[in-house]
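Below is one structure, written out as structure tokens, with a few remarks after it.
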Amino acid sequence: MGKNSPDTRRGILSNVAPFCTSLCPTTSTKLVGLLDSMCTASWVQVNPALHSRLLQCVVCTIASLLQYQYKASVHLMYALLRSPKAVKKLVELSQDTTIGLPEGFHKSDHVFTISRAVEAATQELEAAFTTEGSDLDTTNFLANLTLVGQLPAPHRLELLHFPSTPMHDAFIASWAWSIIYVFTYPQFIDTDSVKSFHVKRFVPPPPPPPPSSEGAAAPRTTAAA
């Protein structure tokens, strides 16, 4: 998607997170895995400007999901509980002032939101289970857990902007029309099969070129009598 792809993905991910109403186990595990791979000083220092922005994006995304869409993020919470080292690395990285992270990252509530959510869920699980429960038991318990009063005040939502290109415009147009198409025709809803289709983007023909002055017929004149 071009040289601006990292910033584009960063903007899309952060912008949709507070409104995501469903997050599957696979996506949750990959998101926590991405966080774990980013929370190293060596990775940030490879390209401090770009990698700091990407790390902030992932941290903000996870914090927004836990803060605004916890019921839809039960699998994300479970993935965080199963990766305590990732959360520990994040906290330690946020306290390191020598690796080039922006000052705003250290003062952000996002890291505290994630660590506090994991801490609160861990305490509730330890109080409820004397032995380790199954995946289903744990996720069911987390689904009925409330974090009200456990997390800091909800952070302010900010819409991230990113540079657009014709490829981005075509992708967004195809995605939007795909959603409209699927939810306009009920036969594509509540089925087990995946319906694939291609949305052709209409490109109007270019306007005709202006007439050339070369070779144009000279205006007719009438000679005086």
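Readers should treat all values here as calculations from the given coordinates under stated rules, not as data from a laboratory. Nothing here was measured: the structure is a model prediction, and the numbers come from that model. With ideal geometry, Cβ positions are generated from the backbone for all residues, glycine too; neighbour counts draw on all protein chains shown.
Listing for the model above:
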{"item": "Estimated distance in nm for a label pair at residue 24 and residue 127, the labels positioned 7 Å out from Cα along Cα-to-Cβ", "result": "3.5"}
{"item": "Pairwise label distance in nanometres, residue 180 with residue 43, each label 7 Å out on the Cα-Cβ vector", "result": "3.9"}
{"item": "Charge-dipole axis of region 1-135 as Lys and Arg at +1 and Asp and Glu at -1 on Cβ define it, positive-most pick from 80, 94, 45", "result": "45"}
{"item": "Fully extended contour minus Cα-Cα distance, from residue 72 to residue 116, at 0.36 nm per residue", "result": "14.0 nm"}
{"item": "Rounded FRET efficiency, nearest 0.05, which uses the C-beta distance separating residue 164 from residue 36 and R0 of 22 Å", "result": "0.10"}
